[in-house]
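**Student:** Here you go, one structure.
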Amino acid sequence: MQIRAITRKLIVMKRHESGHRFPLTVKVGSASVKIYRGKSRGYDLFTLVYYEHGERKRETFGKLENAKTRATDVATQIARGRAGLLTLSNADRESYLAAANLLSSLGIPLHAAVEEYVTARSYLIGESLVEVVSKHAKRNGNVTDKRVAELVEELLAVKEADGASIRYRQSLRSHLRRFAAAFKTNIGSVTAPAIDAWLRSTGGGLRTRRNLRMSVITLFHFARDRGHLPKGDTEADQVKRPKERGGRIGFFKPAALAQLLSAAEGEIALYVALGAFTGIRSAELLRLDWSDINFDRQHITVGADKAKTATRRLVPIAPNLRDWLAPYRGSSGRVFRSEKAADRAIAFAKKLGFAWPNNVLRHSYATHRLALTADAARVALEMGTSPAMLFSNYRELADEHEAKAWFAISPRRPRNVVALRAG
């Protein structure tokens, strides 16, 4: 009987083989083993796939005949093992049949369901699987997926309505439209590995990848807040931040800054002087009003509404900066009427042949201010950052002599300030 059954199955296999219908299936009783055909380096490979004791097994052969022979042996062994189920007690048999019947509508084998259940239970502490799944369903029940490109445009519109700086919006627009072009799908379909792979494919350096990652996180948080992603951490949050590899901080030497300021006038000279002698971030500088600059008490207030960290801080006006600001005393309104002031200053410096590393004015201030004061906590408070960041990035990049030269750079000739004074 058994030999006849095997012979019949081999005849079926021959039919499949003649028509090249893979996978081929070898069955003995209720047991089955599939044979898949593939290629490696131009040669045919035949792979057996079957389950044994709940584990998926794979065996590969170079010849189909060898794969068939092994498949028949495996199917026979499995069938004999299953025959042992007939020795189960009535209660055990009923339990098995009931479980198999419950799973029939899902098309999931009993052993696979049990394996998945055991794995899921291993993650739970004091809760049933049903309770956890119920909570998950309630939390995500109102999530409505949306296309990445649509969310990008919505986010950009919201940032503009909220008064975000032009530079920030330009950065978001550049980053996220590139992201949308790469992911023409719904936001809920984008996974952390896919985001990480995209970041690596952009060809940028570590800083660029970090900035791109932060823009993507902003998009995913926006989508979550709008109900297009489940509550909690998003896939973008799971992408690890690229680590620094000890890159050097780019900063100006006193002689270079003096040369640049000697050539600059008006808005450009003001922007460079404020950045170089206060360390205030570019976006924060562009939000300043003249009312934020206290000439009598010699400090600049960076309000919570203008600070990147949303925390108010006071930045001292060094004696040489006081000279640069003197012509503007009595001015009112925005310090910089155009948010392109930073771009103009950078373009001016590059036209003169100066390299302009990222955040060079802020880095230069931190380098020389820390060398002058030797007080990381004080400088960190002035700059709205952490002492640890200052100490790790700027310590010993300049000495006290260079620091004194930096803060001795003063204007040597009248400046064109008419355009910056509000009537």
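**Student:** From the list T301, T309, which residue is assigned by TED's automatic domain parsing to the domain that holds V379 and loosely packed, with under 15 Cβ neighbours inside 10 Å?
**Tutor:** T309
**Student:** Further question on the same structure: What is the residue count in the range 312-329 for residues that are surrounded by fewer than 16 Cβ atoms within 10 Å (Cβ to Cβ) and assigned to a loop (DSSP other than H, G, I, E, B)?
**Tutor:** 2
**Student:** Still on this structure: Name the residue, out of G203, G188, G227, that is small (G, A, S), under 27 Å from A283 (Cα atoms), modelled with pLDDT under 95 and not assigned by TED's automatic domain parsing to the domain that holds S338. Outline the logic, then answer.
**Tutor:** On the way: G188 fails: under 27 Å from A283 (Cα atoms); G227 fails: under 27 Å from A283 (Cα atoms).
Within the list G203, G188, G227, the selection yields G203.
Let's see how each residue does on (1) surrounded by 15 or more Cβ atoms within 10 Å (Cβ to Cβ); (2) modelled with pLDDT of 90 or more; (3) not β-branched (V, I, T):
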| residue | (1), (2), (3) |
| --- | --- |
| S331 | yes, yes, yes |
| G353 | no, yes, yes |
| P357 | no, no, yes |
| E402 | yes, yes, yes |
| A405 | yes, yes, yes |
| R412 | no, no, yes |
| V418 | no, no, no |
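**Student:** Oh, and also: How many residues does the range 9-46 hold that are modelled with pLDDT under 80 and under 14 Å from K68 (Cβ atoms)?
**Tutor:** Summing the residues that are modelled with pLDDT under 80 and under 14 Å from K68 (Cβ atoms) in the range 9-46 gives 10.
The rows are residues; the columns are (1) touching a residue at least 40 places away in the same chain (Cβ under 8 Å); (2) farther than 19 Å from A256 by Cα.
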{"residue": "T309", "(1), (2)": "yes, yes"}
{"residue": "Y328", "(1), (2)": "yes, yes"}
{"residue": "F354", "(1), (2)": "yes, no"}
{"residue": "L390", "(1), (2)": "no, yes"}
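**Student:** Is one or more of the residues making up the range 237-249 surrounded by fewer than 18 Cβ atoms within 10 Å (Cβ to Cβ), at pLDDT below 95 and part of a helix (DSSP H, G or I)?
**Tutor:** yes
**Student:** While we're here: Can you tell me which residue within the range 264-298, out of those that are of a type in the set (D, E) and outside any loop (DSSP other than H, G, I, E, B), is surrounded by the most Cβ atoms within 10 Å (Cβ to Cβ)? Break it down into steps so the answer makes sense when it comes.
**Tutor:** Step one: filter the range 264-298 for residues of a type in the set (D, E), giving 265, 267, 284, 289, 292, 296.
Imposing the further condition that a residue be outside any loop (DSSP other than H, G, I, E, B) reduces the set to 267, 284, 289, 292.
Numbers: E267: 22, E284: 24, D289: 16, D292: 16.
Per the stated criteria, the residue is E284.
**Student:** Sticking with this one: Consider the range 335-373. How many of its residues are assigned to a loop (DSSP other than H, G, I, E, B) and farther than 22 Å from K308 by Cβ? Please lay out each step first, then the result.
**Tutor:** Initially, the range 335-373 is screened for residues assigned to a loop (DSSP other than H, G, I, E, B), giving 335-340, 352-359.
Filter again for farther than 22 Å from K308 by Cβ, leaving 352-355.
Number of matching residues: 4.
**Student:** Another question, then. Mind telling me which of the residues I217, I187 ends up being in contact with a helix residue (DSSP H, G or I) (Cβ under 6 Å, 6 or more places away or on another chain), surrounded by 15 or more Cβ atoms within 10 Å (Cβ to Cβ), β-branched (V, I, T) and under 12 Å from V239 (Cβ atoms)?
**Tutor:** Working: I187 fails: under 12 Å from V239 (Cβ atoms).
Just a single option satisfies the conditions, and that option is I217.
**Student:** So S174 clears everything in (1) in contact (Cβ under 8 Å) with a residue 12 or more places away in the chain; (2) among the small types (G, A, S); (3) closer than 17 Å to M214 by Cβ except one condition, right? Which one?
**Tutor:** (1)
**Student:** Still on this structure, I have one more. Please determine, by comparing only the residues of the range 140-179 that are more than 21 Å from the chain's Cα centre (by Cα) and of a type outside the set (A, V, I, L, M), which one is farthest from F336 (Cα to Cα).
**Tutor:** Checking each candidate, the answer is G141.
**Student:** Still on this structure: So R207 passes all but one of these: (1) in a loop (DSSP other than H, G, I, E, B); (2) out of contact with any helix residue (DSSP H, G or I) (no Cβ under 9 Å at 6 or more places or on another chain). Which condition number does it fail?
**Tutor:** For R207, the failing item is (1).
**Student:** Which of the numbered conditions does H228 fail, given that it passes all the others? Conditions: (1) out of contact with any Asp or Glu (no Cβ under 7 Å at 6 or more places or on another chain); (2) crowded, with 18+ Cβ neighbours inside 10 Å; (3) closer than 30 Å to I187 by Cα.
**Tutor:** Evaluating H228 over (1) out of contact with any Asp or Glu (no Cβ under 7 Å at 6 or more places or on another chain); (2) crowded, with 18+ Cβ neighbours inside 10 Å; (3) closer than 30 Å to I187 by Cα leaves (1) as the failure.
The values are calculated or read from the model by the stated rules, or taken from the named source; none is laboratory data. In this text, all values refer to a predicted model and were calculated from it rather than measured experimentally. Heads up, the Cβs are rebuilt from the backbone with ideal geometry, glycines too, and the neighbour counts pull from every protein chain shown.
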